[in-house]
Amino acid sequence: MRIFRRGIALIAVSALAGVTLAACGQSKDSDTADSGAGLVVGTTDKVVSIDPAGAYDNGSMTVQTQVYQYLLNFPAGSTELTPDAASKCDFDTPTTYVCTIKPGLKFANGNDLTASDVAFSFKRIVDINDPNGPASLLGNMKSVEATDDSTVTFTLNAENDQTFGQILVTSAGPIVDEETYPADKVMDDAAAVKAQGFSGPYTIGKYTKGQIAQFKANADYDGAYNKAKTKEITLTTYSDANNLKLDVQNGKIDVAWRSLTPTDIASLGKSDKVKVHKGAGGELRYIVFNMKTMPGDNDAQKLAIRQAMASSLDREELSTQVYKGTYTPAYSAVPQGQTGAVESFKDKYGDKPDKAAAKKLLDDAGVKTPVDIKLQYNTDHYGSSSTEEYNMVKRQLEDSGLFTVDLQSTEYVTYSEERVKDAYPMFQLGWFPDFPDADNYVTPFFAPNNFLQSHYNFAGDDNPVPEMTALLKSEATDPDKDSRIATLKKIQDLVADQIPILPLLTGAQVAVGGTDVEGLEETLDPAFKFRFTSLSKS
C-alpha cells in the first residue's frame, strides 16, 4: 500500500449500486480530433511499469490511463462511475458483483476483448502479487470468473461493499490481453509496447523507459472518455523539476504535469507565456501520533496533548506561506469535495490558534508545560517543501509557549522502516487516495490493522476502538446515501475527538500549459485521472 497515492472526491452511493450504459449519457467528441499536429507533456513522475500487475504509482497510472480500458471509469469532469469496457455492472447478490462486457471490443493488436480477458486481468494481479503492484486493492475479491464471453462475476468476501465499483477504476482495474500478457509474471515495458494489448483511447508507439513515450489515438476506442482531441501526444520525463519549469516557460513543451515546486508555480503564474491550471486533488498531508510512545503519562494526558496541538496550529499560514495556495487547509481526514466531508476539526478547535483553549486542555489533564515533542518528517518522499512546512509547524507550536519541539528528518527508506517500529512518537505522512470515495480516507486509516501502525484500533493491540470499527463497517456497507453520509460525519467527528491523526493540508492538482493549450481544467477533476483525451491546442 502506498502512503502517498492518487486522490479524490466523492461519488454518489446510488452510482455505486448499479451502473448501466444508459445511465452514463456520455457523449463522444468524435468530430474534434485534430490533424495530428501533436502536443508534448512533461513530468518528473517515473513509470515503474506499463503492465498494471507491476505498478501502483502515479507515473505508471498516467500511462495506464491513456492505453487501457477499465470495466468502469470516470469521464472528464465527473466522479460518477460510468461504463467503460462494461455496458453495466451491479450486485447480483450481496457478495457477487456482475459486469456485462460490451460486444465487439478489440485490443489494438486485433485480439477480441472478452470477459475472459477481464477475469484474467484481475486474477493475475492477485496471483503475481508484485511488491510494486496493486494486489492489496483486491483484498475483498474472493474470486473472479468469466461466466460466459460477455459476463464477469466477482465474488466478494464482505457483503454489500459499496466501494467495490470504484476499486474497478483504480490501479487494479486495467484490462490486459490474455493472449499476450503472461499469467505469472509482470511483462516488461518493451514487450508490452510490442504486444499492443491496449484498448484505451491511445496506444503507444515509440517508448524509451524513463525518457519518452509517444501516444497515438486509438480510432477503435469505445469507452467512457471522449475520443482523443489530439492524435499524437508525447510524454517526456524529466529528472529535474527546474528543467521542467524552464521548458514549459520557454515553450519547448506544451504542458508541465507534476511536479513543480510551489515557488515555480507562483513564478509561472506571473508569466504571460503560460497559464497555471488548478483542480481538485484530494492529496492529504497530516501528522500521525503513536499512541504508545507519544508524550503523556496516561491516555488522558496523551489525548489532551493531541487536542492542544490541534488548538495551536494555523493551517492557513502553512497553506499561503509554504505552499503558495497549492495546498489548502484540511480540517478533517476527509478532504472537502468528497461526499460526506465535514470540517470537524474546525468545528471543535477553530481555524486559528487558541492558546487559552490549548492551555486549559493541558491543565485539566494535569500535563506539565512546556511539553517536549519529538516530531519526525521526510523530504525525499513528501517534497522539498516539507522542511519549510515542518519548521513552521514547530514555530507555531512553540509560539503557544506550551510546547518545545525537537524536529528531525530521516531519509525515506529508513523512515518507512522505523516509523512502523514505534521509533517516532509523532511523524509526517501523506496520502493519495485510490478511488473517489470518502471511505478511502477513513477505513485504511482507522479500521483494525490500519496502515498507520500507530496502535490506534490496531488488531491484537491493547487500544481497540470498537465504536470506530462499527461506524466504519456501517458506512462501507450502507446502500442508503443519506444514512451513509450521516455515518461518515460521525466518523470524522470521532477522529476530531480522538485525533489519531492531525490533518494539516489537502493538495490541489496543478498543471501548467501554454496559452494555446485547452482541456487542462477539464481533466483536473477529483477523479485524479490525467486524461490526454481532453488536451488540444488551439
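The values are calculated or read from the model by the stated rules, or taken from the named source; none is laboratory data. This one's a predicted model, so the numbers in the text were calculated from it and none came from an experiment. Please note: Cβ atoms are built from the backbone with ideal geometry, for glycine as well, and neighbour counts cover all protein chains shown. To get the accessible areas, we keep the full protein, side chains included, count just its heavy atoms, and leave off ligands, DNA and RNA. Shrake-Rupley method; radii C 1.70, N 1.55, O 1.52, S 1.80 Å.
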Exercise. What do you reckon, how do K275, K102 stack up by accessible area (1.4 Å probe), largest on top?
Worked result: K275, K102
Problem set entry | Heavy atoms of D127: accessible area, 1.4 Å probe, square angstrom to 10 | 90 Å²
Exercise. Residues with amide H under 5 Å of V371's amide H, sequence separation 5 or more or different chain, H placed in the peptide plane at 1.01 Å from N; which?
Worked result: F403, T404
For this session: Compare the peptides 135-145, 196-206 by average per-residue count of other Cβ atoms within 10 angstrom and give them in order, highest first.
Result: 196-206, 135-145
Exercise. Amide H of L505: which non-local residues (sequence gap of 5 or more, or other chain) have their own amide H closer than 5 Å, using H built in the peptide plane?
Worked result: R285, A330
Exercise. So how far, in whole Å, is the C-alpha centre of the stretch 56-116 from the one of the stretch 369-424?
Worked result: 41 Å
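Enter the per residue convex hull volume of the stretch 325-396, computed from alpha-carbon coordinates, in Å³ rounded to the nearest integer.
Dividing the Cα hull volume of the stretch 325-396 by its residues yields 135 Å³.
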Exercise. Going by a ≥ b ≥ c, the root eigenvalues of the Cα gyration tensor, does the stretch 471-536 fall in the rounded group (a/c under 1.5), the prolate group (a/b larger than b/c) or the oblate group?
Worked result: oblate
Seminar exercise, completed: Taking only the alpha-carbon positions of the stretch 371-421 as identical scatterers, the Debye log10 I(q)/I(0) at q = 0.25, 0.32 Å⁻¹ comes out as -0.92, -1.15
Exercise. Viscosity 0.890 mPa s, temperature 25 °C: Stokes-Einstein D of the stretch 289-331 from its Kirkwood Cα radius, in µm² per second?
Worked result: 206 µm²/s
Problem set entry | Residue order for D363, D434 - accessible surface, 1.4 angstrom probe, largest first | D363, D434
For this session: For the stretch 311-328, just list the computed ³J(HN,Hα) in residue order, Karplus coefficients 6.51, -1.76 and 1.60, θ = phi - 60°, integers in Hz, with x standing in for Gly and Pro.
Result: 7, 10, 9, 10, 5, 4, 5, 4, 5, 7, 7, 8, 10, 6, x, 6, 10, 10
Exercise. Can you give the three extents of the C-alpha atoms in the stretch 187-295 along their principal axes, from longest to shortest, in whole Å?
Worked result: 59, 45, 28
Seminar exercise, completed: Taking a probe of 1.4 Å and leaving out DNA, RNA and ligands, the chain shows per residue an accessible area in Å² of 37 Å²
Problem set entry | Whole-Hz couplings from phi, Karplus 6.51/-1.76/1.60, listed for the stretch 369-380; x for Gly and Pro | 10, x, 7, 7, 10, 10, 10, 9, 9, 9, 10, 8
Problem set entry | Whole-Å semi-axes of the stretch 373-507's equivalent ellipsoid (Cα gyration tensor) | 29, 16, 16
Exercise. Can you pull the semi-axes for the chain, root of five times each eigenvalue of the Cα gyration tensor, sorted largest first, whole Å?
Worked result: 40, 28, 20
Problem set entry | With every protein chain in place, the chain: carbon and sulfur % of accessible area (1.4 Å) | 47 percent
Problem set entry | Shape category assigned to the stretch 49-162 from the gyration tensor of Cα positions, a/c cut at 1.5 | rounded
Exercise. Using bins 10 angstrom wide from zero, how does P(r) for the stretch 129-218 break down, in % of all Cα pairs?
Worked result: 13, 38, 35, 13, 1
